[in-house]
Structure formats: C-alpha cells, structure tokens
Amino acid sequence: MKSRTSGANTAVAAGARASKSIAVQGGRRRWRMGVDARALVIVTAALLAFGVAVLYSASALVAQRDGHGSTFFLLRQLGGIGIGIVLFAIAAKMDAERWRDWAWPIMGISIVMLLIPVLPFTGAIAPRINGSRRWVNVGFAFQSSELAKMAVIVWTAMLVVKKGDLMRRLTKGLLPFLLVLAVLNLLVLLEPDLSMAMTFTLIMGVILFAGGVRIGHVVLLCVIAIPLFWHELEKVQYALLRMTSFFNPGHAPEVVGYQLKQSLIAVGSGGLWGVGFGQGRQQLGFVPFPYNDFIASNIGEEWGWLGIVGVTLAFAVYGWLGFRIAKQARSQFQQLMAIGIVFNTVSTAFLHIGVVIGLLPTTGLTLPFISYGRTNLVLSILMTGILVNIGSVNERVLGAHATDPLGVTAA
C-alpha cells in the first residue's frame, strides 16, 4: 500500500513538473477533436437546426389553441438547446474517464428522482399529467427517467469494467446488474411508463453484451423474463390496447388506434416531396401531441417521404460515426459508454420513426434532437458532448502555436 501511494505521489509530481515546463515554454494542453467527432458535431447541429423548424411548424397552432403565443414551445425548446450547448462544451473538453467516478452518484440521484413521482404525498411537485406521473417540478418540469437512461449507460459501463472476468459468472457477474435494473423498471412501471422500462433493459443488455457477458445467461434470463413482462403488460391497460391495435388494427378501439391512423394519413398525404413547410393539416388537432410523440408524422406530411428518409439517414450516420469513435476509445469504460450513448440515441430515433409509419406498436418515445422535451434534449446534447470527448485526443501545444487551434503539437 505504501509503495502504491509513493508511486501515485511520484506520478502527480511528475505531472506537475511537466505542466510547469509547458507553461514556461508558453504551451498548453487541449482536446483536439478527431475527424469522426467533428463530423458528429455537424450531424448533431443539422438535426437540431432541422428540429427547430419542424417543432415550430408542429406546435404553433397547438400553442395558440392553448392560449399561448405561436412561439411558446419554440422558445422553450431554444432555451433547452442553449443549456444543452453549454453542457456539451463542458463535456467535450472534460476527460470522459471522469464519469467513471460519478457512476454511483448519478445512479443514486436517478433512483431518488424516479421514486419521487410514485410516492403518494408528492403530488404537489409530481402532478399527474396525461394519466402518468413522470415529471418532477422543481421550478421547471424534469423527467426523471431521462436522467436514469444516462445513469444506466455510465453505471453499467463502470461496473462491467470493474468486474472484469467475473462478468462470465451468473451470480457475481450478472446478478448485480439485474437487481438494479429491476429497481429502475419497477419505479418507471409504477408511473406508468412501459416504454422506458423497455429502454433501460435494451441499453443495459447491449452494454453487457459488448462487455463480454455469456450469451447463455442472457437467453436463460430472457426465457424467465418474457412471461413476467407479459404479466405486467396485462396490468397496464393502455399498453395492452396499443399492442392489440398494432396486431389487429381493424378491431382495436378507436381511441387507441386514432393516433396511428392520423399519423399514417399525415405521412401518406405528404407523398414523396411533402406539402411544404408550414402547410401541414394534421397539426390542426388531428394528431395528438404532434410536436412530441408523433413529430415525425409532421416531417412526413410537410417534407414528404424524402424528409423521413433524410432524418433516418442522419441518425444512421450518427450511429456509424459513434461506433467508429467507440472502436477507437481510449479505455474499455469509454468504449462501453460510447456504445450505450449511440445505441440509446439511434434506437430511440428508429423506434419513433417506426411507430409513426406503422411498423411498430405505439410506444410514446420521442425523436432525439427534434421532439419537444427539454430534459431529453439537454441530456441528448450532453451525451453527444461526452461522445465527442471520447473521439478527441489530448495534445500538448507549444510556443507560438499554443493559441492557434491548428497549431503544431508536441509528443
């Protein structure tokens, strides 16, 4: 123990001497984004810019109908983008390895925030909205499950690395993950939010698979979990009706299949090129939540099938760049975290689009960077900033080049 402490002190001293040497030479250290990280920033910026336009078109009439100005949702979304950009800049310039030390605190905070809406005496700060208690009002509405998604990514990546070879064992390797996942899923099912429980499970499953968990254990647990999942599904009436609407739309209650039918009308009426920006008719009140759960229907109507394909390709490029960054990550922890971030963003986008065009049952998942929802927006931008840092290189810049972003680096 003493030798380890001595070694650590020696390393710190050496780092201090190196920093002092750089300072004397007029140098500094900086994070330089790689090609993939730069391209990721461009794709994200394009999605955000397009999203602002789509959101305004989808929400203006709804806002006026509710007694607000036409820019009500737009201005709130722009506020979320502003906060997200600040957090993005911080995350992109901070070593992503530091998130490993914050994994447990983030998970602990997430569990507490998920617990608040389900307690019977917290109605004042966690009111029931549209039949669910998913938001905590702390001066602004905050969706606890969005933070929990990030917690699942960071915490799972941290614990996989910490356990190492124990991941091949069921009790000491996989069981702790399942216990935490059970707590998270139970809390969101009580809200109720079946879609988020599915999201937590998929994200953790992908990271565990990438971390080397035995496939046989996963198959065994799936065999056990599917009956339990179906049992819980039967308790959540709205989810069961949505499944019925998807598999047998002709016999589904009108109140359940209405959203999907109107969404298909919107996408179908858009044709190949769309009816034009701001010319859509479905946001007049035909599609419920046209600026959120079904915003891709607005894209299909006003921007046409080419608009839907363009957004799909943009998220495909996001995923391709993200996985390239993960492949070149500086550590296993960062690699697993990058995989989780990319899977979360891209899978949510594809699920949303799949729902809107009738390929999947209605889930209530939003479209990242585009749908209205500041919690999801801010955290999506923040996680992209983490991904950018993973795709960056910490370099030393000397002399006159220290203030030149294209300056010569030193080894």
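See the values below:
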| quantity | calculated |
| --- | --- |
| Filter result (within 26 Å of the chain's Cα centre (by Cα) and surrounded by fewer than 20 Cβ atoms within 10 Å (Cβ to Cβ)) within region 165-180 | L175, P176, L178, L179, V180 |
| Residue match in region 81-101 (condition: closer than 20 Å to A296 by Cα and not assigned by TED's automatic domain parsing to the domain that holds T156) | yes |
| Single residue of region 284-304 satisfying the filter (in contact with a Phe, Trp or Tyr (Cβ under 8 Å, 6 or more places away or on another chain) and among the aromatic types (F, W, Y)) that is modelled with the lowest pLDDT | Y291 |
| Residue match in region 116-125 (condition: outside the structural domain of Q282 (by TED's automatic domain parsing), loosely packed, with under 13 Cβ neighbours inside 10 Å and either under 30 Å from G34 (Cα atoms) or under 19 Å from the mean Cα position of the chain (by Cα) (or both)) | no |
| Which numbered condition A58 misses (of (1) in contact (Cβ under 8 Å) with a residue 24 or more places away in the chain; (2) assigned by TED's automatic domain parsing to the domain that holds M198; (3) touching a Pro at 6+ places or on another chain (Cβ under 6 Å)) | (2) |
| Checking V309 against (1) closer than 22 Å to L272 by Cβ; (2) touching a helix residue (DSSP H, G or I) at 6+ places or on another chain (Cβ under 8 Å); (3) among the β-branched types (V, I, T), the condition it does not meet | (2) |
| Residue list for region 327-382, restricted to those being of a type in the set (F, W, Y) and either assigned to a helix (DSSP H, G or I) or at negative phi (or both) | F333, F343, F350, Y372 |
| Counted residues, region 260-286 - those being hydrophobic (A, V, I, L, M, F, W, C) and within 19 Å of G364 (Cβ to Cβ) | 5 |
| Number of positions in region 148-201 that are free of Cβ contacts under 8 Å to residues at least 12 places away in the same chain and in contact with a strand residue (DSSP E or B) (Cβ under 6 Å, 6 or more places away or on another chain) | 0 |
| Residue within region 313-325 that is among the charged types (D, E, K, R) and either modelled with pLDDT under 95 or not assigned by TED's automatic domain parsing to the domain that holds A58 (or both) present | no |
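The values are calculated or read from the model by the stated rules, or taken from the named source; none is laboratory data. Because the structure is predicted, anything quoted here is derived from the model rather than measured. Cβ sites come from the backbone with ideal geometry, for glycine too, and all protein chains shown count toward neighbours.
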